[in-house]
Amino acid sequence: ARRLKGNAGLLRRLLDAGIHYAYVEDHEKVLQYLQEAAILGVDTLSTSISDLEADPELEEALHVTGDIFRELGTELEDSGNTENLEEALNCYNKYLQAANKLYSWDKSIEYALMYARAMGRMGDAYRKHGTKEGLQRGIVWYHNREDLLKNLLVRHPSRKVRGALVSVSRQLLRTYVELGGEDNFAKALAYAEVCIQQTEYLNDVNTADSLC
């Protein structure tokens, strides 16, 4: 546990370096730093809920590790290479593991949104396979994200949660359209309505105070 905590600072520096090179579009350097960080941080995923309860300082290392796998997954996914897409899915699965543990330990809005975001990334990776099976598996992950956000919205009617709900509605709209067929098109239209309604709510000056 002490070693895992001690790695948090180095993991953060490697992550920041990877993000910097992504900004300047030096993809070789991005992969170099993020893959090094992933190798160093992967053991952090073995952190249990009881470990976190006994030593809350492990939270930072686990959080940073999740962020590393999210960024590495994004870099691989954006390459458009099918082989890299499989690797991206593996990274998002590790991001999901970190987010799930953090949310199980601390039911805060921050970790709920992190967990929901990880579900969305899983859905995106499956959807980008372009196959019917990939689209269907993507929809399952999007609905998992949607369910979590709907429950969260009841407890935390904030702009962040409502904005995330608009995001997943767009994901579902797009994927149902890509699946094709009259039934799926009807579902897509329903999610288009959700996007409109939630966006109008976000832009309503009368509700702005309750969403801050």
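Read-outs throughout are calculated quantities, based only on the coordinates presented, and are distinct from any laboratory measurement. Here the structure is a predicted model, which is why all the values come from computation and not from measurement. All Cβ positions, even for glycine, are placed from backbone atoms using ideal geometry, and neighbour counts span all protein chains on display.
Results, tabulated for the structure shown:
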{"read-out": "Residue among Leu72, Leu165, Leu148 with the largest mean-square fluctuation in a Gaussian network model of the chain, springs linking Cα atoms under 10 Å", "value": "Leu148"}
{"read-out": "For the chain, size of Cβ-based charge dipole, Lys and Arg +1, Asp and Glu -1, in debye", "value": "420"}
{"read-out": "Cα centroid separation, the stretch 85-137 to the stretch 140-182 (Å)", "value": "13"}
{"read-out": "Globularity index of the stretch 49-166, i.e. its alpha-carbon radius of gyration over 2.2 N^0.38 Å", "value": "1.09"}
{"read-out": "Scattering profile of the stretch 113-212 at q = 0.10, 0.17, 0.18, 0.22 Å⁻¹ [log10 I(q)/I(0), Debye over alpha-carbon scatterers]", "value": "-0.28, -0.73, -0.81, -1.08"}
{"read-out": "Extreme residue, positive dipole direction of the chain, given options Val154, Ala164, Phe185 (C-beta unit charges)", "value": "Val154"}
{"read-out": "Label point distance in nm, Glu83-His143, each placed 7 Å from Cα along Cα→Cβ", "value": "3.5"}
{"read-out": "Too-long pairs where the Cα-Cα distance tops 24 Å, listed order kept, from Lys101/Lys128; Lys107/Lys160; Lys101/Lys160", "value": "Lys101/Lys128"}
{"read-out": "Contact order normalised by residue count of the stretch 1-97, Cα under 8 Å, 6+ apart, percent", "value": "28"}
{"read-out": "Rounded, prolate or oblate (a/c below 1.5 giving rounded, otherwise prolate when a/b exceeds b/c) for the stretch 1-62 by Cα gyration tensor", "value": "prolate"}
{"read-out": "Normalised contact order of the stretch 48-120, rounded percent, pairs of Cα under 8 Å and 6 or more residues apart", "value": "34"}
{"read-out": "Cα gyration tensor of the stretch 48-112 - equivalent ellipsoid semi-axes, whole Å, descending", "value": "27, 10, 9"}
{"read-out": "The stretch 79-159 - percent relative contact order, Cα under 8 Å, separation 6 or more", "value": "27"}
